Structures are given as structure tokens and as C-alpha cells.
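Asker: Take a look at this one; I'll ask things after.
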Amino acid sequence: MDLYKSAAHELHEKLIKKEISSVELTENIYKRIDQVDGDVKAYVTLDKENALAQASKVDKMIAAGETIAPLAGIPGAIKDNISTKGLRTTCSSKMLENFVPIYDAHVIQKLRADETIFLGKTNMDEFAMGSTTETSYFPTTHNPWNLERVPGGSSGGSAAAIVAGEAIWALGSDTGGSIRQPASFTGCVGIKPTYGRVSRYGCVAFASSLDQIGPITRDVTDAATVLNTICGVCTMDSTSLNEEVPDFTKALKTDVKGLRIGVPKEYYAAGLDPKVDGVLKKALADYEAMGAEIVDISLPHTEYAVITYYIIAPAEASANLARFDGVRYGYRNMKATSAPEMTTASRTEGFGDEVKRRIMLGTYVLSSGYYDAYYLKAMQVRTLIRQDFENAFEQCDVLLTPTSPVVAYPIDGKMDPLAIYLLDVCTIPVNLAGLPGISIPAGFVDGMPVGMQLIGKVLDEETVLRAAYAFEQSHEYHKVMAPLGGK
Amino acid sequence: MKVTAKEVKHIANLSRLTVPDSEMEKFTEQFNQILNYADILQKLDTKGIEPTPYVLPISNVLREDIAVEGVSHEEALSNAPDVQNGGFKVPRVIE
């Protein structure tokens, strides 16, 4: 049986009805990984022995008649910037190639408590800096819809694993679109929760005011299920919110009558692939037919969002990545004869070009003489971008935009950094404003998936999920598996 | 041009990084491309606008002063590149 094609909520039913065992399921997924990961390269590290031991434990719980959590015994994949105790966590960097965490991230603690299964760690852009997985120190991940194309990034490994049948659910992290954009490029579901919904404890810090962990899954129901487990306050992250976590699966309703969907014109501007635009216009018409109200919106400061992000995120990264000094953990140049020389040599050899570029950009915009012109200015523009959204949400309940202005592009490294940065235009503002955003499959252009993004108010994941679920259930896109060259 | 190769070298030094001479031209060009693009921010008048460093109203989070188990010595050293007598060993710091 091809269990790898199923969603977590379907497999949970099969497990509790004893139609399948968790060991059988887990072995089925590893078999699939053996079969396709040579082409896809979604994983950096596998943990088969521990995964199968955990599966066997869950099977015994089921046999003993215990009630199990919705993700118990269901194998998932973890982005390799999320700490897993005893299991190598590399951030796809030479700097952390041999780093074995001594503690679990808060989300991993919660998932372990639910007796879930971790298949392994997935590939990403180095330190989550990139949109393609091409900046990974390890081989680039390939898009299962077309192996010559990028899977998106930075959580490209997690997204590719989902659509290739190499994991049932996955975790990613999203600083400027790193969950939503790969979900869009590979045709799966990815949600970035409200900033603070999920603890960042144990997620290797990139830009602390923007980073957020979230699910990447086959359908909206699974996204809600994973959210239920990972959300909640944590004493180790002072920015995690002490807010009640609702049962997100209760928000999954197909009724969108009267829902006000805002269409911000700035997201449908020059640069948007006309065919992608066509897919979104069709989605809007579908929503209208389902009884939703479409509202024209303007978010006037959208054009400033990309550069605002590329000042703030590198500034925070330059401070966060200062910890990699070759002393306590991480790569060290062993030939240097003085400590300062050792630190500079270790960082120069341990980091790739994109990471270096961002550390230096961040150092520059924070340096004396440039702080006001760049960093302070960017933080002020961030206020204007936030206010745009606040104003918009007085007129609508949720915003509908492209996730990316384009579909997945070829793996050829031909684009310069700024051209790639500019493609993040639809996802970045959501991080700057701390809002929840989901990407779900909305159709295809030239055989490649197109994602649509739904953005909600602060802490209103429920409306986002409801709108996403209603669309998903009236279409079949979440049931289509990537062709993977016929495998 | 916003920054010269000499300034990029200085920024690299502040960042504890080295840019090899062979890549300096490309690095400087990409750096300037991004900084030139940042000029669009100057179109905006932001006088009097409060900056947003964090989107949430952040305040200090306090807890009771109770001793809890911390990281063990062995764990703390477990990823160290070089260890001597239970400490992190580094090359000479002062000549």
C-alpha cells in the first residue's frame, strides 16, 4: 500500500482502527526515501533506527488500548535549523556540519510529548538565507514537479519531502517567506503563524524579530493539526505569546459566506507572471461564487517592504551569527596561531557567500554613521507597513495574494542576489507585520504549481485556515502527487 | 558607488570575515547594487514615526528565583573543537 501518499489525519484513523501499524507506515516512508531521495535530495540526515523504535513504541500503546495524539506514530521531517537533541543539526552549513544539539527545541519537546516520529532533518538554504536551497553547503534540493527546477526556500527540503512522499508532515521556519514560498513552488500547504504563536527556543536564530516556525503539510487539516501541537507559550522564549491556543481544526469549515476577502492591488502589479495572475483571478471568482465578498484594498508601502527586510534581517543576523567564533561549537580552523586569527579564519571558511554577504550588509547598516540612514529608517518604514495592514483589516477579514509572483525557476544559479530578493515581495511584508499567512495550492502554470497566500489579522489563524480549507475542499489540488519523473 | 573595495574590506574585518582579493570586485558590486536599491527609502518622509523593532508589545518576562538544573559540564563541552582540562582550548590570545 502506498501509505506515503496519505495525509496525517487519514493515517491517524487507520492507526487507531489498527488497519496499519506505525512501524509499517514508517518503513513505507523510508522505502520511498530510498527510492526517490537520490533525485530529490530533500534530506541532510536520516534517523531510521530511532524512528522505528519510536514507531514500535506507539504500536504497543495502540495495542494496549491507549488514546494517542493525532500525530502519534506519524512520521515527519524537521528543517535542519531546529534543534533535535542527539541528532545532528547543521543549518545546511559547513559551520555546523558536525553539530549535535544538547537540547530539543520547544516544538520538538511538544511533538515528542505527542509521541510523533522524526524521520530526519531536511535541507535548507544555509542558515535559512535564500529562496532556493542553492545556498546549502549540501547538494541543492530538486523540485519533485520538475527536477531541473528549484523547490524554493529556505525550507525547500521540507516542502520537497512532502510532495515527493518522503514525509507525511514537516516543520519549516519562515523569516521572509521560507515556509510559504517553497510550499507554493512545490504545491503543498505551509503556514507561518502570528509572530510569537510558536516558541523560537531551539530554532537557530537568523532574524529574531521575524523568525517563526510553522508546519508544511499535504493539506490544510494537517496544517491545523500540527499547529495545535506546536503553538503555545514557552518560558525559554520571552517573545512567545501567553495567549490561549484554540483547537485550530475546529476552524476548518467550508462556509465562507459573507467573508470579506481583500485584494491588495500592489501585489498584482508589474513583475507578476500573467499566468499566475490568471490562476489567482480564477481563485477569487471561485470564492465569490462560494459567497465571499471581494474587497479592493491598497497597501501603499508595499514597494518598500523588500529593502526594509533586507536591512532589518541582515542587521539582526549579523548580531545573531556573531556567536560562531570557533570556540565553543562549530567549525574551527585548526592552523591559526592566535585566537582572533582563528575566529576570522573559521568564519571565512565555515560560512558560504550568501551568509557572508548578509552578515556584512548587516554590519554595515548598523555601523556608526549609517545606522540612522539605514537601520533606523527601515524600522520606521516597518511601522508604516504594519499600519497599512491595520487599515486594510478594517475593511476585510483576510487578504488574498500570490505567494510568489512566479512559479519555480530553473536551478542554474544565474540570478543575482538582488533579483532573487525582489521575488520575496509577497511574503516579506507579512513577517515585517508579524501576521499569520498561509500558502495553499491554487492551480498550475505550465505544469508547475502555483500557490496562493491568505494573510490574516494578528492571532487570527482561524480565519486564514477556514478560508484556505474552503478553497481546498472545493478543488482537488491537494490530492495530486508530484510526478517525480514517473517514480 | 556607495562603498569602495577598501570599505568592504573594513566591513569584512568588523564582521570577522575575509573577502579574498579575487572575489572583491564581485562582492563590492553586489553590495552596491543592494545599497543603491535602498535609496528608494529616502523618498519616504519618516520624521516623527516611531520605529518598530518588534511587532509585539515586549516587556521583561520574570520568573521566581528558583534554582533549576542547567547544562552539565560534559554537555557544554560536547561540541567544542578543542578541549583541555575541562575547558575550551583556543590559540594564544595575547602575544
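Asker: Within the range A:328-342, is even one residue assigned to a helix (DSSP H, G or I), more than 7 Å from chain B (Cβ to nearest Cβ), small (Gly, Ala, Ser) and farther than 22 Å from residue B:7 by Cβ?
Answerer: no
Asker: Something else: List the number of the failed condition for residue A:252; all other conditions in (1) under 25 Å from residue A:123 (Cα atoms); (2) out of contact with any strand residue (DSSP E or B) (no Cβ under 9 Å at 6 or more places or on another chain) hold.
Answerer: Here residue A:252 clears every test but (1).
Asker: Working carefully through the options A:118, A:127, A:99, find the one that is touching a residue at least 60 places away in the same chain (Cβ under 8 Å), outside any helix (DSSP H, G or I) and under 24 Å from residue A:323 (Cα atoms).
Answerer: Step by step, each of A:118, A:127, A:99 is checked, and only A:99 is touching a residue at least 60 places away in the same chain (Cβ under 8 Å), outside any helix (DSSP H, G or I) and under 24 Å from residue A:323 (Cα atoms).
Asker: Could you check the range B:1-77 for helices (runs of 4 or more DSSP H) lying wholly inside it with 1 or more residues that are at the interface with chain A (Cβ under 7 Å from one of its Cβ atoms), of a type outside the set (Asp, Glu) and more than 25 Å from residue A:420 (Cα to Cα)?
Answerer: B:5-14
Asker: Within the range A:313-327, count every residue that is out of contact with any Lys or Arg (no Cβ under 7 Å at 6 or more places or on another chain) and more than 7 Å from every other protein chain (Cβ to nearest Cβ).
Answerer: 9
Asker: How many residues are more than 21 Å from residue A:415 (Cβ to Cβ) and surrounded by 11 or more Cβ atoms within 10 Å (Cβ to Cβ) when one looks only at the range B:40-59?
Answerer: 11
Asker: Have a look at B:34, B:58 and point out the one that is at pLDDT below 95, more than 21 Å from residue A:353 (Cα to Cα) and under 23 Å from the mean Cα position of the chain (by Cα).
Answerer: After applying the criteria, what remains is B:58.
Yes/no per residue for (1) away from chain B (no Cβ under 14 Å); (2) free of Cβ contacts under 8 Å to residues at least 60 places away in the same chain:
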{"site": "A:60", "(1), (2)": "yes, yes"}
{"site": "A:68", "(1), (2)": "yes, yes"}
{"site": "A:86", "(1), (2)": "no, yes"}
{"site": "A:90", "(1), (2)": "no, yes"}
{"site": "A:95", "(1), (2)": "no, no"}
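Asker: Could you tell me which residue of the range A:230-278 is farthest from residue A:406 (Cα to Cα), considering only residues that are in contact with a Phe, Trp or Tyr (Cβ under 9 Å, 6 or more places away or on another chain), within 14 Å of chain B (Cβ to nearest Cβ) and surrounded by fewer than 16 Cβ atoms within 10 Å (Cβ to Cβ)?
Answerer: Among them, the one singled out is A:235.
Asker: Just need a number here: residues in the range A:406-450 that are within 13 Å of chain B (Cβ to nearest Cβ) and free of Cβ contacts under 8 Å to residues at least 24 places away in the same chain.
Answerer: Here the count works out to 4.
Asker: May I pose another question? All but one of (1) surrounded by fewer than 22 Cβ atoms within 10 Å (Cβ to Cβ); (2) more than 9 Å from chain B (Cβ to nearest Cβ); (3) at pLDDT 95 or above hold for residue A:305; state the number of the condition that does not hold.
Answerer: If we test residue A:305 against (1) surrounded by fewer than 22 Cβ atoms within 10 Å (Cβ to Cβ); (2) more than 9 Å from chain B (Cβ to nearest Cβ); (3) at pLDDT 95 or above, just (1) comes out false.
Asker: Looking only at the range A:276-312, which residues are under 26 Å from the mean Cα position of the chain (by Cα) and farther than 15 Å from residue B:41 by Cβ?
Answerer: Hits for the range A:276-312 are A:276, A:277, A:278, A:279, A:280, A:281, A:282, A:283, A:284, A:287, A:299.
Asker: Pairs only if they're at least six apart or on different chains, beta carbon under 7 angstrom, first in the range A:376-394 and more than 9 Å from chain B (Cβ to nearest Cβ), second part of a helix (DSSP H, G or I); list them, first residue then second.
Answerer: Here the result reads A:389/A:433, each pair linking the range A:376-394 to a residue that is part of a helix (DSSP H, G or I).
Asker: Continuing with the same structure: What pairs come up if the first residue lies in the range A:344-371 and is under 23 Å from residue B:39 (Cβ atoms), the second is surrounded by 20 or more Cβ atoms within 10 Å (Cβ to Cβ) and acidic (Asp, Glu), and their beta carbons are under 8 Å apart, counting only those six or more places apart or on different chains?
Answerer: Listed by first residue and then by second, the contacts come to A:354/A:125; A:354/A:126; A:362/A:316.
Asker: Collect the residues in the range A:287-302 that are buried (at least 16 other Cβ atoms within 10 Å of the Cβ) and not hydrophobic (A, V, I, L, M, F, W, C), keeping them in residue-number order.
Answerer: A:287, A:301, A:302
Asker: Can you tell me which residues in the range B:78-88 are more than 9 Å from chain A (Cβ to nearest Cβ), out of contact with any helix residue (DSSP H, G or I) (no Cβ under 8 Å at 6 or more places or on another chain) and assigned to a loop (DSSP other than H, G, I, E, B)?
Answerer: Residue satisfying the conditions is B:85 alone.
Asker: I'm checking my understanding of the structure. Among residues of the range A:358-374 that are more than 9 Å from chain B (Cβ to nearest Cβ) and over 25 Å from the mean Cα position of the chain (by Cα), which one is surrounded by the most Cβ atoms within 10 Å (Cβ to Cβ)?
Answerer: Ranking the qualifying residues of the range A:358-374, first place goes to A:366.
Asker: Would you point out the residue of the range A:81-101, among those that are within 17 Å of the chain's Cα centre (by Cα) and on the phi > 0 side of the Ramachandran plot, that is surrounded by the most Cβ atoms within 10 Å (Cβ to Cβ)?
Answerer: Filtering first and then ranking leaves A:92.
Asker: Among the residues of the range A:330-346, write down those that are at negative phi and in contact with a Phe, Trp or Tyr (Cβ under 6 Å, 6 or more places away or on another chain).
Answerer: A:346
Asker: Looking at A:295, A:276, can you tell me which residue is in a strand (DSSP E or B) and of a type in the set (A, V, I, L, M)?
Answerer: Result: A:295 is the single residue among A:295, A:276 that is in a strand (DSSP E or B) and of a type in the set (A, V, I, L, M).
Asker: Right, next: Which condition breaks for residue A:172 when tested against (1) over 30 Å from residue A:62 (Cβ atoms); (2) touching a strand residue (DSSP E or B) at 6+ places or on another chain (Cβ under 9 Å)?
Answerer: Every listed condition holds for residue A:172 apart from (1).
Asker: Take residue A:455 and tell me if it is crowded, with 23+ Cβ neighbours inside 10 Å, more than 16 Å from residue A:313 (Cα to Cα) and not polar (S, T, N, Q).
Answerer: Yes: the conditions hold for residue A:455.
Asker: Also: Do the conditions hold for residue A:187, that is, is it touching a Leu at 6+ places or on another chain (Cβ under 6 Å) and surrounded by 20 or more Cβ atoms within 10 Å (Cβ to Cβ)?
Answerer: No: the conditions fail for residue A:187.
Asker: Of the numbered conditions (1) at the interface with chain B (Cβ under 8 Å from one of its Cβ atoms); (2) surrounded by 18 or more Cβ atoms within 10 Å (Cβ to Cβ); (3) farther than 30 Å from residue A:259 by Cα, residue A:355 fails exactly one; give the number of that condition.
Answerer: Condition not satisfied by residue A:355: (1).
Asker: Given the residues A:154, A:158, which is the only one that is at pLDDT 95 or above and either of a type in the set (Val, Ile, Thr) or within 18 Å of residue A:222 (Cβ to Cβ) (or both)?
Answerer: The unique qualifying residue is A:158.
Asker: For the range A:358-410, give me each residue that is of a type in the set (A, V, I, L, M) and assigned to a loop (DSSP other than H, G, I, E, B).
Answerer: Within the range A:358-410, A:406, A:407, A:408 qualify.
The values are calculated or read from the model by the stated rules, or taken from the named source; none is laboratory data. Because the structure is a prediction, the values reported are computed rather than measured. Counting neighbours? That spans all protein chains shown, and the Cβs are built from the backbone with ideal geometry, glycine included.
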